[in-house]
Structure formats: structure tokens, C-alpha cells
Number of protein chains: 2
Amino acid sequence: MGDTIGSLKEVREILGTLPGPDDEVAAKATEREGQLTKPPGALARLEELSEWMCRWQGNHPPRLERPRVAVFAGNHGVAAQGVSAFPPEVTAQMVGNFRAGGAAINQLCKTFDAELQVYEMGLEEPTADFSQGPAMGDAECANAMAYGMLAVQDGIDVICLGEMGIANTTSASALCLAMFGGEASDWTGPGTGVRGDALDNKTRIVAESVALHTEAKDDPLEIMRRLGGRELAAITGAVIAARMGRVPVLLDGYATTAAAAILHRIDPQLIDHCVVAHCSAEPGHIRLCQAIGKEPLLNLGMRLGEASGAALALGLLRAAVNCHMGMATFAEAGVSDKE
Amino acid sequence: MGDTIGSLKEVREILGTLPGPDDEVAAKATEREGQLTKPPGALARLEELSEWMCRWQGNHPPRLERPRVAVFAGNHGVAAQGVSAFPPEVTAQMVGNFRAGGAAINQLCKTFDAELQVYEMGLEEPTADFSQGPAMGDAECANAMAYGMLAVQDGIDVICLGEMGIANTTSASALCLAMFGGEASDWTGPGTGVRGDALDNKTRIVAESVALHTEAKDDPLEIMRRLGGRELAAITGAVIAARMGRVPVLLDGYATTAAAAILHRIDPQLIDHCVVAHCSAEPGHIRLCQAIGKEPLLNLGMRLGEASGAALALGLLRAAVNCHMGMATFAEAGVSDKE
């Protein structure tokens, strides 16, 4: 689907065609959970994860043979405003580190037997500075979404989405302020490490940029075009394609969740196939999770991005699936389930 | 050490001989974390886990070749008071399920490559009903601790401690009330599923039992002897042996943490080598974690026991160690670490 999309209008048309949950299959998972040798509900969120996988895969038992971690990397014109603690060339350097196997995400993918795919989005040519005008043109934004859709290939059972992009927490903050309102300072935070005057500057840039693009405020795709970035638009696209392809999604931290929230703002049900994997230490993330009604699986104070929190949650997903399929029922084990 | 202990007096003597942290080795881990390709502190709790492992293993790099999950099973005389939703024979049935590979803990050990050891503690002969008198004699309690110590063998890198024992959340509640005060209802909860009148009965039994044994209130080992159980005393013993053997400990839920808290009540530093793996849905657990100053790694609403939360946290530990050892430094990766 991704290779034929040239405008946001076409993206809008796809949104009307996405499949819903398979509640019948999810009920099979729920029924089995009730028979397993544990007090009812005692595995709590692990049981919910098995049911959620079945609901969106449309299949029981849940499958986790081939999880993919997709990291999208992009550069942002707004970096010129001094909003990050690191220079923009770090985006490409970190992509090199991903390819060489030296980043955190490489170790996490090895730990949890996931396949890593890194998608570079024109790093040498950043998006336009959204404090001056729209970050992307219509076709540029739609193409980025289409590129993201390509990450969801046949045979992928679960996809972990994440990003790398110097200045992209500034973009995420602007997206959230435009989508959910409040004060700019509700949504900004240190990112890779800005504090004091530099953080005040970041907050001011976010406030002014959202004010500049206020005419977009009721059109989430237009918010993405004006205040987002290529890697974030790609994540929005990947979330759409995952829904189409019946692939449950683990969302990483703040920037990734903001990209998915674009769809929530269009219709909350559009991200029912997504779980937020980890609550970032970036302060806007918990507020964003509340705004979209998602409780993160993990809360370990991490603030790295690059899909690290999503990959870490794969361990929980694997545990959930293995318990669901490997545990004995009360009848099989000869354990009394009567009070 | 475990096989020569016949009295709580001997346990007390051992407590004075336990080794402290190796801060010099932990500093090596901290130094390396600062050089890895991520913003400083961006892996947060994962970085802390690597440092904590080094501090208590006394070795850098941290080792996680051989994690052991130890589940202690015991039966409680107080079960006769109708405090559990399941009959006492379920303890032995679940041990059978552990041995046959059908329980949640079996699947979790497979998922995270851990060795499972199950320790039965005289299931056919429950401890005495502590609502009528002390649960155990002095030698019986000391022997149970000594048995628990045997779980910490040479070559184990990390130990996950957990329990199985119908009525043992009643025992855990009584231990906590005796150690930390408050109301009995602060410490009781549904356990395997008691509600309404049955929960009121459980709370009353806890209050009356602690009142009966009030003379023990300033002597934590005596609190364990009177209000504990064999599997809980074994966990206390295993925590002691792990300190002696430089083995970091992941504590499972409410009953396990209560058994470790006995040592905290003697001297808070005695459980510095322990991390609480998962915050149980059993309501007393979060209160207990606050009382001993520990923040659980995971909070997934689980309330199963059998070391399930501790085994699940092994995935985080493995991720921490793999990131710590496998990530490139800024210098190795040619990534700019300058602002």
C-alpha cells in the first residue's frame, strides 16, 4: 500500500478502510486464561497482552515468532534554533552506530530475539524549520508516511516502533501542544539534556511555532505536516500499515507516542492495536499517555528513544505468550480450582 | 553454612559477619555507563541494575550466566481458620505442577533461561496455627532458614526468590503488622481471592494473632518464628546466604518481600543486595515496599507469587547486562558526545 501514496488526501482515504478488532478470537484467549493453573486474573497485564495480541492478529494462539523493531531516523530544521543538547550530525552518527551494532537497541534486539530495521529519512536534508513555516510539504509528509508503511511486511508478528532524530522531542512537544492544548511547558522537557535557559528557549520555540501554525489545529494530519518530521510521519504511517496488516504495535517513548497520537486525535479507535511500552522520563510522555488513555507497560525512567523501551517490552510479550500457551490447565495438572 | 544451624541464636551470630558492598567495583560500572553511546543516564534503571549487580557480585563486568529461581513451598496451620480461597492441598498440587512443568514459573524460567529449583518444606505437616500459639519452635524456624540457605550454591550469579503456600498472605500480613504496625486491614488483601466476609475474617485473624504474639514485636527473628512459616523462614535464610555468597537477589511479591523485611527490621542495610522485582496487586505489598524503601522494577498488576514477578524481571536484568557490555563507547562509535 505504501508505494502508491502521494498526498495526505490518500492517507485520509485509507483511514476509512482499516479493520477492527477480532473479539471472537480474543474471547478464545480469555477462555483459555481462565482455565490455567493460577487464581483468576493473577497474571493480570500478561493475560491482557495475550488477549490483545489475539484480538489484533485475528488468530489464536498468539504468534511471536518474528517480532520486528523499526527505528526511523530524521533530521529537523528546528535544530538550528538551539533546542537540543547534541548537534544534528549525531543523528547520522547514531544511525552508523545502529548499523555497526553498537547502540542500546542492538543489544536489546539480541536480548529478545528481534529483527532490527533502521530507516534513514534523508538525514543530509533536514525538514524545514517549523518555527519559520511548515516542516514538510503535503507530498513530502505523505511520502514519509508511505515509507513508514513499508516497515510492516508480511510475516511480521509484532512491530516495535521507535525513532532517532536530534531535536525531535521539540517536534513531539509541538505536536502535543497543537493536538491537546495546555501550555508549551506542559509538553517540553530536557530531551537529550537541555536545562535552564536552553529549556526555556525550547519551550518558547514550541509555543511560538504552534501559534504560527494555529490554522492546522483541527486537522491532525496537517499538524504532522507542519510541526512533525519525516521519522515521525513514518511512524504514523507504520501504525496505519500495522492496523491494515493485523500486526500489534509496541510504541516506544514520547516522540513515537506523539506520532501515533495523530491518529488518536482523528479517531481514538485507530490506535487500539497499539500499546505504549515504556513511560519515558521525558515529562510530556505521561501527560500524553493520559491524553490518549494508555497505561505504559514499563516505567524504568528511561529516556533514550531508538525503540529501546518497546524492545524491552518484548520480553514481557514473550513471557505472556509462553505462559498462555505453555501453562497447564487445572484439569491437566490435577489442581483443585474449587474454593 | 546452612547445614550447621540449629537455633535462631546461631542465625543472629551469622548476621554480624555478612560482607558489605563493593563500591570500588560498582564505580567501574558507573564509569563505563558514562562512556556508552547514549545521553548520560538515559537508560536509568537499567544502568542502576548493572551497577547494583557489580556492587554485590564484587566483580566487573556483571555476570548473568547462571540465574536461579528458587521457589519455597510450605503449609500453614492458620489455613484451618478459613483465610484462603483455595484448600491447603493446592500447595502440594502446585508443587506437582512445578515439577511437571505446567505452572507459570516454568514458562517464565524457559523464557529467560533460568534454572528452576523447588523446595518442599514438609507440606504434609503444616506449621502450627499461629492464631493459637507460635507457628514454629526455635529449632524448626532455624532449620527452615538453614534449608533456605542451601539454595545459594557456588556458581549462581543471581537468585530469584519466591514462594507457594496456601494461607501465606495471611502470614505475610501478620509479619508486616508485627514489624511495621498500623491496622491489620492495612496489610491484608484478597490473596488468592478472598473477599467480603472472608476477607474480614482474615483481617480479624491477623489482628488477633499479632496481639497474641505481641511480646515478640521488637525481635524480628522471633516474629518470623511465631507468625511466619517454613517457606518464609527459608526465604529469609536464602537472603542471608545470598549476601554471604555475593549473589544479588530479586524478590518476588508480598510474602517474599515480607520474609526479607525481617532482616531489614534488624538492620536496613542487610537487604541492600535485594531488589523488589514486581509490585504485587496484593495491597499490602506497596505499603511494605515503602516501609523498606524499595521501588519495584515492574508493576503489572500480577498477584501469583511462585517467583513469577522475580523471573519476569530477569529479562530486564539481562537487557541491562547486555547493554552495559555490548554497547559501543562514544569514542569507539565515532559519535559526538559534546554539546
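The values are calculated or read from the model by the stated rules, or taken from the named source; none is laboratory data. Keep in mind the model is a prediction, meaning the values are calculated, not measured. Using ideal geometry, Cβ is built from the backbone for each residue, glycine included, and neighbour counts are taken over all protein chains shown.
With respect to (1) crowded, with 24+ Cβ neighbours inside 10 Å; (2) more than 25 Å from B:Lys9 (Cα to Cα); (3) touching a helix residue (DSSP H, G or I) at 6+ places or on another chain (Cβ under 8 Å), the lone exception for B:Leu298 is condition (1).
A:Cys54 fulfils the conditions (1) under 21 Å from the mean Cα position of the chain (by Cα); (2) more than 10 Å from chain B (Cβ to nearest Cβ); (3) in contact (Cβ under 8 Å) with a residue 60 or more places away in the chain except for a single criterion, (3).
Within segment B:171-207, being part of a helix (DSSP H, G or I), in contact (Cβ under 8 Å) with a residue 12 or more places away in the chain and over 21 Å from B:Asp219 (Cβ atoms) holds for B:Ser185, B:Asp186, B:Ala198, B:Asn201, B:Lys202, B:Thr203, B:Arg204, B:Ile205. Quick check: anything in segment B:83-91 modelled with pLDDT under 95, aliphatic (A, V, I, L, M) and within 21 Å of B:Ile235 (Cα to Cα)? Scanning segment B:83-91 turns up at least one residue that is modelled with pLDDT under 95, aliphatic (A, V, I, L, M) and within 21 Å of B:Ile235 (Cα to Cα). Among the residues of segment B:10-25, those that are part of a helix (DSSP H, G or I) and touching a residue at least 40 places away in the same chain (Cβ under 8 Å) comprise B:Glu10, B:Val11, B:Arg12, B:Ile14, B:Leu15.
Go through segment A:243-287 and report how many residues are acidic (Asp, Glu) and crowded, with 22+ Cβ neighbours inside 10 Å.
2
Of the residues making up segment B:267-290, at least one is within 9 Å of another protein chain (Cβ to nearest Cβ) and over 12 Å from the mean Cα position of the chain (by Cα).
The residues on offer are B:Leu312, B:Leu317, B:Leu300, and the sole one that is under 20 Å from B:Ala44 (Cβ atoms) and in contact with a Lys or Arg (Cβ under 8 Å, 6 or more places away or on another chain) is B:Leu300.
Apart from one condition, A:Asp22 fits all of (1) loosely packed, with under 13 Cβ neighbours inside 10 Å; (2) under 18 Å from A:Gly58 (Cβ atoms); (3) charged (D, E, K, R); the exception is (1).
When the criteria are applied in full, B:Val78 meets the requirement of being in contact with a Ser or Thr (Cβ under 7 Å, 6 or more places away or on another chain), more than 10 Å from chain A (Cβ to nearest Cβ), in contact (Cβ under 8 Å) with a residue 60 or more places away in the chain and part of a helix (DSSP H, G or I).
The number of residues in segment B:150-167 being more than 14 Å from B:Pro248 (Cα to Cα) and not in a strand (DSSP E or B) comes to 4. Within segment A:57-70, the residues that satisfy the criterion of being touching a Leu at 6+ places or on another chain (Cβ under 9 Å) and more than 14 Å from chain B (Cβ to nearest Cβ) are A:Arg68, A:Ala70.
For segment B:145-162, check the following and say yes or no: at least one residue is within 14 Å of another protein chain (Cβ to nearest Cβ) and either touching a helix residue (DSSP H, G or I) at 6+ places or on another chain (Cβ under 8 Å) or surrounded by fewer than 24 Cβ atoms within 10 Å (Cβ to Cβ) (or both). Yes - at least one qualifying residue is present in segment B:145-162.
In this structure, A:Pro40 does not qualify as of a type outside the set (Gly, Ala, Ser) and touching a residue at least 40 places away in the same chain (Cβ under 8 Å).
Scanning segment B:313-339 for residues that are among the small types (Gly, Ala, Ser), at the interface with chain A (Cβ under 8 Å from one of its Cβ atoms), farther than 19 Å from A:Ala313 by Cα and touching a residue at least 60 places away in the same chain (Cβ under 8 Å) turns up B:Ala328, B:Ala333. Among helices (runs of 4 or more DSSP H) entirely within segment A:208-289, having at least 3 residues that are of a type in the set (A, V, I, L, M) and closer than 26 Å to A:Arg318 by Cβ singles out A:230-244, A:254-266. Restricting attention to segment A:95-110, which residues are over 17 Å from A:Asp252 (Cα atoms) and either of a type in the set (Asp, Glu) or touching a residue at least 12 places away in the same chain (Cβ under 8 Å) (or both)? Those that are over 17 Å from A:Asp252 (Cα atoms) and either of a type in the set (Asp, Glu) or touching a residue at least 12 places away in the same chain (Cβ under 8 Å) (or both): A:Val95, A:Arg99.
Only a single item in (1) among the polar types (S, T, N, Q); (2) touching a Gly at 6+ places or on another chain (Cβ under 8 Å); (3) closer than 22 Å to A:Lys202 by Cα is not met by A:Thr111, and it is number (3). Would you point out the residue of segment B:26-44, among those that are buried (at least 18 other Cβ atoms within 10 Å of the Cβ) and assigned to a helix (DSSP H, G or I), that is farthest from the other protein chains (Cβ to nearest Cβ)? Restricting to residues being buried (at least 18 other Cβ atoms within 10 Å of the Cβ) and assigned to a helix (DSSP H, G or I), the top hit is B:Ala26. Tallying residues that are surrounded by fewer than 24 Cβ atoms within 10 Å (Cβ to Cβ), more than 9 Å from chain B (Cβ to nearest Cβ) and farther than 26 Å from B:Gly315 by Cα within segment A:86-120 yields 4.
Checking each residue in segment A:260-297 for being of a type in the set (A, V, I, L, M, F, W, C) and in contact with an Asp or Glu (Cβ under 8 Å, 6 or more places away or on another chain) picks out A:Val276, A:Ala277, A:Cys289. When the test is whether a residue is more than 9 Å from chain A (Cβ to nearest Cβ) and either in contact with a helix residue (DSSP H, G or I) (Cβ under 9 Å, 6 or more places away or on another chain) or free of Cβ contacts under 8 Å to residues at least 12 places away in the same chain (or both), B:Gly293 passes it.
Residues of segment B:296-312 that are part of a helix (DSSP H, G or I) and either among the polar types (S, T, N, Q) or more than 9 Å from chain A (Cβ to nearest Cβ) (or both): B:Ser308, B:Gly309, B:Ala310. Criterion applied to B:Phe72, B:Phe130 was being closer than 30 Å to B:Arg12 by Cα and assigned to a strand (DSSP E or B), and the one residue passing it is B:Phe72. Under 18 Å from the mean Cα position of the chain (by Cα), part of a helix (DSSP H, G or I) and more than 28 Å from B:Ser209 (Cα to Cα) - does that describe any residue in segment B:89-104? Within segment B:89-104, one or more residues are under 18 Å from the mean Cα position of the chain (by Cα), part of a helix (DSSP H, G or I) and more than 28 Å from B:Ser209 (Cα to Cα).
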